[in-house]
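Since the structure comes first, as structure tokens, the remarks are kept for the end.
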Amino acid sequence: MSPIKLLVIAALLYLGYRLFIGDWNKKKGKDKEENPSGDTQENGQVEDVLVEDPICHTLVPRQQAIRLKQRGTEGYYYFCSEECCKKFVSQTGEQE
Ligand SMILES: [Zn+2]
């Protein structure tokens, strides 16, 4: 077998491997899109981030937390539930 042929076979195997991995990542990405907050800014690292509810101090995965935009900043407050969010709004006067 000539070295060229070996190279071609290696390239094909590599391409097949990339296609397979790409497909797998796409399927994985679809699962992630089910997050209701739509927060995809942090390169797929979002799912493991725990955020603290400022009302009851529960740690919540950010994907599942209720979000409230911070006034005047790019940040968000995160809550374990709508109740805590509403409580926070009534306590601080932050707008929803
Ligand atoms: Zn809470």
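Quick one: if the Förster radius is 41 Å, what FRET efficiency do residue 17 and residue 74 give, using the C-beta to C-beta distance and rounding to 0.05?
0.55
Between residue 81 and residue 56, with labels modelled 7 Å along Cα→Cβ, what's the label distance in nm to one decimal, could you check?
Between residue 81 and residue 56, the label points sit 0.4 nm apart.
Enumerate by residue number the trypsin sites (Lys or Arg not before Pro) in segment 47-96 meeting two conditions: DSSP loop (anything except H, G, I, E, B), and at most 15 other Cβ atoms within 10 Å of the site's Cβ.
For trypsin sites (Lys or Arg not before Pro) across segment 47-96 that sit outside H, G, I, E and B with at most 15 neighbouring Cβ atoms in 10 Å, the list reads 71.
All of the numbers you see were taken from the coordinates with simple rules; none came from a lab. A quick note: this is a predicted structure, and the numbers were derived from the prediction, not measured. Glycine gets a Cβ as well: all are built from the backbone with ideal geometry, and neighbour counts include every protein chain shown.
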